[in-house]
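A short reminder: the numbers here are calculations on the coordinates, not readings from a lab. These numbers come from a predicted model, not from an experiment. Reconstructed Cβ throughout: ideal geometry from the backbone, glycine too, with neighbour counts over all protein chains shown.
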Amino acid sequence: MIGYDVEVEKEGYYYLTFKIKQSNNINAAVFRTLRINDEIPFSEAVNIKFEYDNLWQNVTLGDGDNPYLIYLKSGINTISLSVSLSPFMSAYYEIEDILKYVNDLSLDVKKLTGNQLDENRDWEISDYLPNVVEELEAAAIILQNIYDDLNDLTSSDKLSEAASMIKIAIRNLKLLAEKPNEIPKNINLLSTSQESIASTLRSAVSLFLNSPLDVDKFYVHTDVELEKPNANFLVRFWVNIKRFFMSFFDERYKVNPDDDELVVWINRSKQYTDLIQKMTDDEFTKDTGIKVQVSVMASEGKLILANSAGTNPDIAMGIASWLPYDLGMRGAILDLTEFIDDEDFSDVLNQYYNQALIPMIYDNGLYGLPDTENFYVLYYRHDILDALDIAVPNTWDDVMEIMPVLKRYGMNFYLPLSSPTSLKSFDSTLPFLFQYGSSVYDETGFNVDLENSESIRALELMTEIYTIYSVDTTVTSFYNDFRLGKSPIGVADFGMYTTLLNAATDIQGLWKIALLPGVEQLDESIDRSAPGALTANMIFQNIDKKEEAWEYLKWWSSTETQIRFQDLLLSTLGPEYLWNSANIEAFSALNINETDLDIILEQWSHLKELPKVPGSYQVELEISNIWNAVVLNRENMRVLLNDAIIRMDQEIHRKMSEFGYMDKQENVLNNYYLASEEIIIQWKTGDDDE
Amino acid sequence: MMMSKPKRLRSASQIKQQRIAYGFVFPYVLMFSVFILVPVLVAIFLSFTYFDTVRSPSWVGFENYIYLFTNDEIFMQKVLANTLKYAVIVGPGSYILSFVLAWILAQLTPRLRTVLALIIYSPSLTGGITMAVLWRIIFAGDSSGYLNSILLRFGMIVEPIVFLQSQEFLLLIMVIVTLWSSMGVGFLAILAGILNVNQEMYEAGYIDGIKNKFQEIIYITIPLIRPQMLFGAVMAIVGTFASAGIGVALSGSNPTPQYAGQLIVNHIEYYGFFKYEMGYAAALSVVLLLFVYLISRFAFRLFGSKD
């Protein structure tokens with residue numbers, strides 16, 4: 001509810017006119033409840049209608065010819081508007097009931113016919129689903145009534161989007177009712193395709209809940225003529241021309257940063273950087289006196305080039321988590337252990353999981369701090385799993401057990417390995433390797449260690465789940481499949497969580513998350529290891545203001561700042577802007593469903609990252625190629641693995657010699673320190689034995 | 001009599017004319033030097049160094065080239081083979097296709113011809129890479145991809161084929177997409193050339209004994225549009241090598257799966273930007289330059305004017 005205080009000189013009856021724009025819900029009306037001084041003045045004020053128009057309108061509250069007379073006392077009156085959905089509520093509940101019916105019917109049909117759609121097979125539907133025709137027709141009649149009521153709500157003749165959705169649903173219902181024996185063939189009209197009854201009704205329902213209204217101003221007036229809500233055509237034309245030219249100049253003109261300003265480039269969009277600049281000015285600069293200029297980074301690639309040209313910033317934030325290592329090993333990034341004597345050093349590190357720091361380490365130097373952290377969990381449609389009587393899998397063995405059941409209904413289990421890109425990144429392959437106990441590299445870091453039984457079992461699982469258990473090899477969009485019920489269960493990351501929460505209103509409440517399936521160990525615990533590094537922050541080496549940069553990173557990464565940033569994002573920009581801070585305490589304070597939060601935090605206790613070696617991209621590539629060759633071309637895994645190991649070692653040695661750890665004949669010159677938790681614990685506890 | 005001072009001595013107006021001529025050419029020469037000549041020279045220089053884009057380059061002599069020819073098995077086994085296969089099919093293929101289509105269009109009425117020419121020409125404007133979005137949907141690897149769903153519906157396959165990640169199909173698909181989007185400026189030039197051939201030549205040819213359209217093309221059309229053919233050939237060659245990004249765009253990753261779609265340009269990008277080995281990438285690009293140069297010399301031999 002939003003209230004505006006109005007000072008009224010003389011008490012009495014006034015008219016109320018709002019200058020509004022309702023251009024979002026096309027051909028539909030939007031309702032608001034009016035309150036004067038926290039009381040609803042009369043019954044008509046419960047649902048004030050605002051119709052659709054592309055332009056601004058002056059809406060005088062009234063019933064057409066007679067404007068409402070609203071009594072205002074002298075002094076301050078509070079006039080407030082709140083969203084009213086009551087005209088839609090009965091329709092909403094009725095449609096929900098029909099949706100449930102349609103979903104159940106669709107599952108029943110699938111149970112009946114199995115997943116093979118044989119076009120030449122006939123069904124006597126009345127034998128199996130005796131009342132289906134009456135039920136479908138009844139649903140159509142209910143929807144027709146809803147449709148008529150909806151159209152009566154607006155004065156426009158054209159259909160609103162919700163109404164057209166309902167119209168399609170009615171048509172499909174009648175079609176199915178006419179030919180009940182073809183329902184199995186037309187199952188897509190029932191629930192799977194975009195035009196299906198289930199889909200259209202779901203969209204209609206979510207449209208009901210959308211009631212946007214732009215309010216520019218309102219007038220409290222008596223019988224006076226109000227100014228027109230829209231400027232005339234010429235004025236608008238001229239303003240648009242002016243706007244065009246202004247678009248070439250940024251409102252904040254590009255000024256070169258002052259010498260005493262800290263330059264920060266952030267690899268995020270303007271909404272984020274504007275907020276961060278504001279927070280920096282209000283808090284960091286006020287406390288420390290260090291001025292900071294925050295800008296958007298055009299692209300990460302520019303960083304490397306800028307570094308060569310010497311025009312790099314002092315700090316780069318929100319960059320890919322592998323950049324600090326790559327650039328750090330080449331001397332472009334500041335080793336943060338330079339500040340190890342700072343009393344806050346171990347506090348800063350203690351804000352993160354040990355494993356989250358591993359990707360930032362090269363040669364026992366720390367080249368970056370995590371910014372955001374990702375997580376992989378299991379998403380599942382509990383409505384579908386319950387209907388099919390499938391339990392949520394805890395281990396990969398469980399997953400393989402439920403595969404035949406899923407496949408029988410034409411459904412699928414989604415894994416990140418099924419994404420349509422051909423490079424299977426470490427994020428999708430490492431979980432399996434880690435969970436079976438493979439360390440990928442040997443302790444020296446000079447060679448891979450994949451010839452052992454653990455690694456081979458992991459690779460076998462990764463490939464057999466596709467070749468033997470028929471998980472779909474490519475899924476273009478898990479998000480769509482999840483909503484439509486084709487893939488009611490799958491592994492996905494934080495991005496999917498935000499998307500489902502905000503965009504999939506039609507399956508709201510129908511899905512849950514669970515821990516990532518893992519591998520049962522000898523002591524009956526389940527290893528659910530998975531990586532999660534997402535973005536990081538780093539300081540460049542070739543700058544003057546190293547101390548100031550370190551102070552800034554300290555401030556930014558602190559729990560207080562992260563929590564404030566989280567909240568600011570949500571309140572300013574909306575619920576889609578969930579911030580997955582790598583700061584453990586800050587994330588724990590995130591305003592999301594508590595059960596989900598607990599699961600995510602527990603999944604993070606299984607966080608495991610692969611320490612980097614020079615040439616690790618080759619390892620990622622070769623494992624991906626093995627997967628491709630085995631799953632898509634059915635080649636022999638052991639043979640491929642043998643060849644791949646040779647290439648992986650070769651590339652690692654090549655890179656090692658490039659960086660002076662080996663000579664050209666592949667003799668070891670210097671030890672390479674594989675990043676490990678030991679050094680991190682040393683740093684965290686401020687242990688002084690170096 | 002000896003011409004002792006032949007060309008040095010010129011009249012004042014001639015010198016002025018020369019200066020004006022140089023003045024006109026200067027902007028182009030400047031742009032060309034800065035954006036083309038200098039980078040090529042820098043690339044040649046870098047190809048003899050080890051440069052990881054972060055620290056300054058260090059001289060290594062011919063090491064990059066030695067590595068290229070002896071140790072880079074991916075280059076020799078996959079990249080070179082792919083590039084040759086791709087170039088041989090796409091280069092002459094798109095060229096012949098351009099010519100055939102241009103010739104067919106030249107036989108039509110003007111209005112129809114303009115419309116069809118526009119339709120054929122427009123894919124080249126958008127660039128194969130943006131079109132990859134379209135093609136990725138057609139060749140999508142699950143049952144919702146257009147090609148897969150058609151094949152499934154007609155029972156020709158049982159499971160959807162993962163086109164864009166499979167070794168067998170990726171190169172073929174790259175060839176198809178590139179051919180489709182290769183009717184570019186070269187095509188238009190050839191069309192213009194064909195339309196400009198003097199009709200009297202054909203009449204004269206028929207009088208002299210030419211019997212059918214095919215002979216007409218060989219004996220009259222092609223010789224008369226030599227300059228346009230040369231232009232089309234050069235554009236085709238350059239275009240072939242320049243459209244190398246298609247493999248990465250289609251499969252979604254560099255390097256392409258099993259290096260099935262890896263062309264020289266992708267290989268260069270991979271070494272330069274992913275492995276931070278700019279010196280080697282520069283060496284590869286010099287090799288590519290020589291390649292393209294040799295092939296276009298060959299085209300000049302074929303189509304260049306004999307004077």
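Think of the protein assembly as shown as a dipole: +1 on every Lys or Arg Cβ, -1 on every Asp or Glu Cβ, centred on the Cα centre; then among A:Leu674, A:Asn181, A:Met297, A:Met297 lies furthest on the positive end. Each Cα pair under 8 Å and six or more residues apart adds its separation to the average, and for chain A the resulting relative contact order is 14 percent.
For chain A, the longest principal axis of the Cα atoms and the long axis of helix A:270-279 meet at an angle of about 80 degrees.
In a shell of Cβ-Cβ distance under 12 Å around A:Ala589, excluding A:Ala589 itself, what net charge do Lys and Arg (+1) and Asp and Glu (-1) give? Intermediate results must be reported in sequence, preceding the final value.
Working: positive: A:Arg564; negative: A:Glu560, A:Asp567, A:Glu585, A:Glu594.
Charge balance near A:Ala589 sits at -3.
Counts of other chain beta carbons within 10 angstrom of each beta carbon in peptide A:615-622 average 1. The calculated 222 nm mean residue ellipticity attributable to helices in the protein assembly as shown amounts to -15000 deg cm²/dmol, summing -39500 (n - 2.57) over DSSP H runs of n ≥ 4 and dividing by all residues.
Based on Cβ point charges of +1 for Lys and Arg and -1 for Asp and Glu, what charge dipole magnitude is obtained for chain A about its Cα centre, in debye rounded to the nearest 20? Don't skip to the end; give the middle numbers.
On the way: 54 positive and 111 negative charges, 563 e Å.
Approximately 2700 debye in magnitude.
For the range B:69-303, state the average projected area of the convex hull of the C-alpha atoms over all orientations, rounded to one decimal in nm².
Approximately 15.9 nm², given one-decimal rounding.
For the range A:652-685, the residues whose amide N sits under 18 Å from a probe point set 7 Å from the Cα of A:Glu343 along the beta carbon direction are A:684-685.
Rounded, prolate or oblate for the range B:1-123? Axes are the square roots of the Cα gyration tensor eigenvalues, ordered a ≥ b ≥ c, and the cut-off for rounded is a/c under 1.5. Can you show the working numbers first?
Values: a/c = 2.41, a/b = 1.05, b/c = 2.28.
Oblate shape, in that a/c is at least 1.5 and b/c is the bigger or equal ratio.
Take each residue of peptide A:471-477, count the partner chain Cβ atoms within 10 Å of its Cβ, and average: the result is 6.
If a/c stays under 1.5 just call it rounded; otherwise compare a/b with b/c (prolate if a/b is bigger, oblate if not). Do that for the range A:483-606, with a ≥ b ≥ c from the square roots of the Cα gyration tensor eigenvalues.
Details: a/c = 2.39, a/b = 1.47, b/c = 1.63.
Because a/c hits 1.5 or more and a/b fails to exceed b/c, the range A:483-606 counts as oblate.
Using a cut-off of 26 Å between Cα atoms, the listed pairs A:Lys100/A:Lys174; A:Lys19/A:Lys73; A:Lys608/A:Lys684; A:Lys21/A:Lys100; A:Lys424/A:Lys655 include A:Lys21/A:Lys100 as exceeding that distance. A Förster radius of 25 Å combined with the Cβ-Cβ distance from A:Asn671 to A:Gln650 puts the calculated FRET efficiency at roughly 0.80. Taking the alpha carbon gyration tensor of the range A:51-109, multiplying each eigenvalue by 5 and rooting it gives semi-axes of 42, 16, 11 Å, largest first.
For the range B:69-303, the residue among B:Thr83, B:Leu230, B:Gly252 whose Cα projects farthest onto the positive side of the dipole built from Cβ charges is B:Leu230. Taking a quarter of the surface of the Cα convex hull of the range A:298-419 gives a mean projected area of 11.8 nm².
Counting Lys and Arg as +1 and Asp and Glu as -1 over every other residue whose Cβ lies under 12 Å from the Cβ of A:Ala316, the net charge comes to -1. Kirkwood radius and radius of gyration were both taken over the C-alpha atoms of the protein assembly as shown, and their ratio Rg/Rh is 1.01.
Evaluate peptide B:255-262: per residue, the Cβ atoms of other protein chains within 10 Å of its Cβ; return the mean as an integer.
Working: counts 5, 2, 11, 8, 2, 2, 1, 0.
Whole-number average of other-chain Cβ neighbours for B:255-262 is 4.
Can you return the aspartates and glutamates within cross-link range of A:Lys217? Criterion is Cα-Cα under 16 Å, with same-chain partners fewer than 8 residues away left out. Within the straight-line limit of under 16 Å, A:Lys217 reaches these aspartates and glutamates: A:Asp5, A:Glu7, A:Glu225, A:Glu227.
Go ahead and run the numbers for FRET between A:Ala138 and A:Glu161, Cβ-Cβ distance against an R0 of 22 Å, rounding to 0.05. List each step's numbers first, then the result.
Numbers: r = 25 Å, r/R0 = 1.13.
In this case the efficiency is close to 0.30.
Distance between the C-alpha centres of the range B:46-60 and the range A:558-585: 43 Å, rounded to the whole angstrom.
How compact is the range A:88-208 by the rule of thumb for globular proteins, expressed as Cα Rg over 2.2 N^0.38 Å?
Working: Rg = 14.8 Å, N = 121, 2.2 N^0.38 = 13.6 Å.
Normalised by 2.2 N^0.38 Å, the Cα Rg of the range A:88-208 equals 1.09.
Relative to the longest principal axis of the Cα atoms of chain A, helix A:86-113 runs at roughly 50 degrees. As a rough guide to protection, the peptides A:52-62, A:35-45, A:161-171, B:278-288 ranked by mean Cβ packing within 10 Å, highest first, stand as B:278-288, A:161-171, A:52-62, A:35-45.
If you count, for each residue, the other Cβ atoms within 10 Å and average over each peptide, how do B:198-208, A:180-190 line up from highest to lowest?
Values: B:198-208: 11.2, A:180-190: 18.4.
Descending packing order for the listed peptides: A:180-190, B:198-208.
One chain, two ends: A:Leu234 and A:Arg564. Fully extended at 0.36 nm per residue, the span grows by 114.2 nm beyond their Cα-Cα distance.
Given their separation in residues at 0.36 nm each and the Cα-Cα distance between them, A:Val639 and A:Asp449 gain 66.8 nm when the chain is fully extended. Under 1.5 on a/c is rounded, so check that first for the range B:114-182, then, if it is not, pick prolate when a/b is larger than b/c and oblate when it is not; a ≥ b ≥ c are the square roots of the alpha carbon gyration tensor eigenvalues. Here the range B:114-182 falls in the prolate category.
Using mean Cβ contacts within 10 Å as the protection proxy, how do A:222-232, A:438-448 order, highest first? Walk me through the numbers before you get to the answer.
Working: A:222-232: 10.3, A:438-448: 18.5.
Going by the mean number of other Cβ atoms within 10 Å, highest first, we get A:438-448, A:222-232.
So if we plug the beta-carbon distance of B:Asn71 and B:Val238 into 1/(1 + (r/R0)^6) with R0 = 41 Å, what FRET efficiency do we get, rounded to 0.05?
Working: r = 29 Å, r/R0 = 0.72.
The value I calculate is 0.90.
Can you quote the Å³ per residue value for the convex hull of the Cα atoms in the range A:405-500, rounded to an integer? Could you put the intermediate results ahead of the total?
Values: hull volume 11.1 nm³, N = 96.
Dividing the Cα hull volume of the range A:405-500 by its residue count gives 116 Å³.
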